[in-house]
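The values are calculated or read from the model by the stated rules, or taken from the named source; none is laboratory data. Being a predicted model, the structure only gives us computed values, none of them experimental. Cβ placement follows ideal geometry from the backbone for every residue including glycine, while neighbour counts extend to all protein chains displayed. When the accessible area is computed, the model is the full protein with side chains, heavy atoms only, and any ligands, DNA or RNA have been set aside. Shrake-Rupley method; radii C 1.70, N 1.55, O 1.52, S 1.80 Å.
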Amino acid sequence: MSIATAFSRLCLQSTYCRSFSTTSIAALRITPILYAEPLKKRRKIDPAVVKAREDRRRKKIEKQIRRLEKNARQLKPIDELEVPMTLIDEKDKRTRPPPKLTPEILEQRALLEKRWNLYRMQEKQRDYQQIDKLLNAQEKALQELRFESVALYEQAIQPDTNLVPFHAEGPTATPPIDKYDSPDGEYTNISKKWD
């Protein structure tokens, strides 16, 4: 280690030393002479060579596209959906019998199902009673309105089409139009063409 530190001190004192000192990781620094190193000259490339490279790259991409189009109809196998043969062989070992239920659990489940059925029946009856109350109140109000004014009663029993804005048309009996080109919107082809 002492040789490296001595060499680094020598490099720091000399301005012509073309290396960097590594006395410690924290003191990693480059000598100033390396900052002014001239750049490598760029070689001039013949335009024909550049065009040949681009042609090769284009042909390679076109070949890959043709290969993908040829194999487009073949579906890739999904490994997750294929059951391994070891699992098929071990099916008998892996299947577990259903748990044996004790008579207490069976009775508890039957009571729970009965309670649920009773609750649902009472809820349905409450709904029916509420609907009956509303219909009776509506009928009583219409009878009172008829005693007051027949014209108002006639207006009240007319259906209000603006209450729920809904309009539906059923299927027509006419056949579809032959050679009808349905509009799908505008399409602009922006794919690149290689000449």
With all protein chains modelled, accessible area of residue 191 [1.4 Å, Å²]: 70 Å²
Separation in nanometres of the label points that stand 7 Å from Cα toward Cβ, at residue 92 and residue 133: 6.6 nm
Neighbour-limited loop hits for GluC sites (Glu not before Pro), region 131-174 (at most 15 other Cβ within 10 Å; DSSP other than H, G, I, E, B): 169
Carbon/sulfur fraction of accessible area - region 105-163, other protein chains in place, 1.4 Å, %: 54 percent
For region 79-151, accessible area per residue (1.4 Å probe, heavy atoms of protein chains only), Å²: 105 Å²
Debye equation applied to the C-alpha atoms of region 37-168, log10 I(q)/I(0) at 0.10, 0.15, 0.18, 0.20 Å⁻¹: -0.83, -1.06, -1.17, -1.23
